[in-house]
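The values are calculated or read from the model by the stated rules, or taken from the named source; none is laboratory data. Computed from a predicted structure; not experimentally measured. Counting neighbours? That spans all protein chains shown, and the Cβs are built from the backbone with ideal geometry, glycine included. The protein model used for the area step is the full one, side chains on, heavy atoms only, and it has no ligands, DNA or RNA in it. Shrake-Rupley method; radii C 1.70, N 1.55, O 1.52, S 1.80 Å.
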Amino acid sequence: LRGKRSMTYGLLVESSGDPLRSFLVQYLDEHAVRRGCRLLIGNTIVDPGAFSLHLLEFRQRRVDGVLCAMLHLAPEQRAQLLEQFPHTVFYGDDEPDGMYIMPDQVAIGQMAVAHLHASGCRRIGCIFMVQCGQAESDRLSGYTLGLRQCGLAGSAPLIHLGGLPRRHFAWEMSEKALAFEIDQAIDQVVNQGGADGLLVHNDFWASQFLRRLRFRGVLVPHQVQLIGAMNHYLAEWTDPPLSTVDFDNRAAAFAMIEALESSLNSSNSSLKPQMFAPPRVKIQPKIISRGSTRPVLNGQDV
């Protein structure tokens, strides 16, 4: 009986309602059901000790393996998780000893630049409002590579790197503080740098840039074109609708569960699961073109 599977996956997230993870959670649940399994979700943001409590519950419920989609995982938490649940798949984590599925951040930068260039932009800027981690650094690499591929590498890159804490969102700021931070980026990259195209951190920040550019009399897409990243549903409701790079959370969820099942199927071997060559899958993004990057000729949308 102890060897029988529970057909349950544990899922660790800071919050299943986090807009950066909510669609991933939805698709993970859908794919789990198709596999004849269910999710046991642990939200770690509710209490400082919630992480350890969820691991205890996972053990008590005998989950088959863990899907970890936490935005920030401390090294000691990671070690604790892998010790107790060697069958663990991470989302957005590229540590050398784990299985991970993540968006191809370099491709996100490349594709965004190529899209802006194809839309007529020749001075393309890249804006991150929070302190850069590995994902942002990879996207910056893709941005500079995209400039070279489009023949735009002759001039200095137009990059604004904000200093806000990593876990910081536009909706958490006062209107005055938000306007100040965005105006700094606009002054540096658009007014001083002459950017006619912008790749902005994510759709939430990009939506605020749309609003602030309009307030300052800069027309999108007539004077500056703009693309976000993630393809949150709000991108369809901005004015103009926001072009974005879709991370393809559906494909990521499928890949996570398939990687976990592959690890579970390896458990018949005498080797520990983590001693196998771990799956390291980078999900290819796709461009969603909307009104914020629509080329304009003679005042008419093309």
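Under the definition of Cα pairs under 8 Å and six or more residues apart, what whole-number percent is the relative contact order of region 1-85?
Working: 97 pairs, mean separation 36.8, N = 85.
This gives 43 percent for region 1-85.
Using a 1.4 angstrom probe, figure out how much accessible area region 1-57 has per residue, in square angstrom, rounded to the nearest whole.
53 Å²
Taking K and R as +1 and D and E as -1, what net charge do the other residues with C-beta under 14 Å from the C-beta of Cys37 add up to? Spell out each step's value before the answer.
Details: positive: Lys4, Arg5, Arg34, Arg35, Arg38, Arg61, Arg62; negative: Asp29, Glu30, Asp64, Glu258, Glu261.
Once all neighbours under 14 Å are counted, the net charge is +2.
Most mobile of Arg139, Arg34, Arg59 per a Gaussian network model of the chain (Cα springs, under 10 Å)?
Of the options given, Arg34 has the highest mean-square fluctuation.
Between Leu264 and Gln60, how high is the FRET efficiency from 1/(1 + (r/R0)^6) when r is the Cβ-Cβ distance and R₀ = 30 Å? Nearest 0.05.
E between Leu264 and Gln60, to the nearest 0.05, is 0.95.
Sort region 132-213 into rounded, prolate or oblate with this rule: let a ≥ b ≥ c be the square roots of the eigenvalues of the Cα gyration tensor; rounded if a/c is under 1.5, and if a/c is not under 1.5, prolate when a/b is larger than b/c, oblate otherwise. Walk me through the intermediate numbers first.
Details: a/c = 2.32, a/b = 1.48, b/c = 1.57.
Oblate is the answer for region 132-213, as a/c is 1.5 or above yet b/c matches or exceeds a/b.
For a quick check: with amide H placed at 1.01 Å from N, whose amide H comes under 5 Å from Ile283's, ignoring anything fewer than 5 positions away on the same chain?
The list, which skips near neighbours in sequence, is Met102, Asp104.
Which residue, Phe254, Phe180, Phe209, tops the fluctuation ranking in a GNM of the chain built on C-alpha contacts under 10 Å?
The residue that fluctuates most here is Phe180.
Need one number: % antiparallel among DSSP beta bridges in the chain, to the nearest 5. Provide the component values of the computation, followed by the final result.
Working: 5 of 41 bridges.
For the chain, the DSSP antiparallel bridge percentage is about 10.
Let me check I've understood the local charge: for Ile186, count other residues with C-beta under 12 angstrom from its C-beta, Lys and Arg +1, Asp and Glu -1. What total comes out? Don't skip to the end; give the middle numbers.
Values: positive: Arg211, Arg212, Arg214, Arg216; negative: Glu181, Asp183, Asp187.
Within the 12 Å Cβ shell, the charges total +1.
I'd like to compare 233-239, 149-155, 24-30: which one has the highest average count of other Cβ atoms within 10 Å, and what's the full order after that?
Working: 233-239: 15.3, 149-155: 12.9, 24-30: 19.7.
So the peptides 233-239, 149-155, 24-30, ranked by packing, come out 24-30, 233-239, 149-155.
Just the number, please: carbon plus sulfur as a percent of the accessible area of the chain, 1.4 Å probe, no ligands or DNA/RNA counted. Intermediate values should be presented prior to the final figure.
On the way: 7390 of 14150 Å².
Accessible surface attributable to carbon and sulfur in the chain totals 52 percent.
Would you mind classifying region 1-102 by shape? Square roots of the alpha carbon gyration tensor eigenvalues, ordered a ≥ b ≥ c; an a/c under 1.5 is rounded, otherwise it is prolate if a/b is larger than b/c and oblate if not. Please report the intermediate quantities before stating the final value.
Working: a/c = 1.33, a/b = 1.12, b/c = 1.20.
Rounded, because the longest to shortest axis ratio a/c is under 1.5.
Pairs of alpha-carbon atoms within less than 8 angstrom and 6+ residues apart define the contacts here; what relative contact order does the chain have, in percent? Write out the running numbers ahead of the final one.
Numbers: 541 pairs, mean separation 62.4, N = 302.
Answer for the chain is 21 percent.
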